[in-house]
Amino acid sequence: INLEKGGNWWTGFKGMFFLGMEHIREGTDHLLFLLVLLLPAPLVINRKQWGNFGGTKYSIMRLLKIVTAFTIGHSVTLLIGASGWVNLPVKPVEILIAVSILISAIHAIYPIFPNKEVYVAAGFGLVHGLAFATVLSVLDLDAGVMALSILSFNIGIEIMQLFVVILIIPWLILLSQTPVYKWVRVVWALLAGI
């Protein structure tokens, strides 16, 4: 999508917006991380173990805080990485994303960072944002076009991510109130970890 060679800003904005949506739709690693991190969010800690459902308001607030922290984290590094201020090789970033999924999967089974999910989501969001930035950094755009591209790409990412979260939240809240949720959470976390 090149705004500099005959395209207008709206065409470029829409193109980058849909590229951001597609990146999340095809980026199973990013969705997998977010979903695994959200698995224990409706639960309270009970003697260093995941306990029972903490209530609807409690669950929604925790889920929203985690998603927001992840969004802020990856938005910051998306901006920094796409602007060229930080340029890391792709392989280490992809390995860190895999590590983030594994750590979140372990946490979904056993709380290794209880009540700190927001900070972990923000920290790992920083790593995931570097992967998003590689999509934009290869476009070689000037500063103004890059700023618009980052904005529209990030809005596309957020809209798609929000869509997935809106689909997941009701099921997490409903399932977390049942005895079967422990097994759903553990099995999903094991599959994600693998």
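Things to note:
- Condition met for Gly55 (open to solvent by less than 60 Å² (accessible area, probe 1.4 Å), over 18 Å from Lys116 (Cα atoms) and without any contact (Cβ under 8 Å) to a residue 24 or more places away in the chain): yes
- Of the set (1) modelled with pLDDT of 85 or more; (2) exposed (fewer than 14 other Cβ atoms within 10 Å of the Cβ); (3) among the hydrophobic types (A, V, I, L, M, F, W, C), all apply to Leu32 but (2).
- In this structure, Tyr110 does satisfy being more than 17 Å from the chain's Cα centre (by Cα) and at pLDDT 90 or above.
- Matching residues in region 89-110 - criterion: being closer than 12 Å to Leu39 by Cα and among the charged types (D, E, K, R): none
- Residues of region 44-60 include at least one that is within 26 Å of Ile169 (Cβ to Cβ), touching a Pro at 6+ places or on another chain (Cβ under 7 Å) and assigned to a helix (DSSP H, G or I).
The values are calculated or read from the model by the stated rules, or taken from the named source; none is laboratory data. Computed from a predicted structure; not experimentally measured. Here Cβ is always computed from backbone atoms with ideal geometry, including for glycine, and neighbour counts include all displayed protein chains. Areas reflect the complete protein model, heavy atoms only, side chains present, ligands, DNA and RNA absent. Shrake-Rupley method; radii C 1.70, N 1.55, O 1.52, S 1.80 Å.
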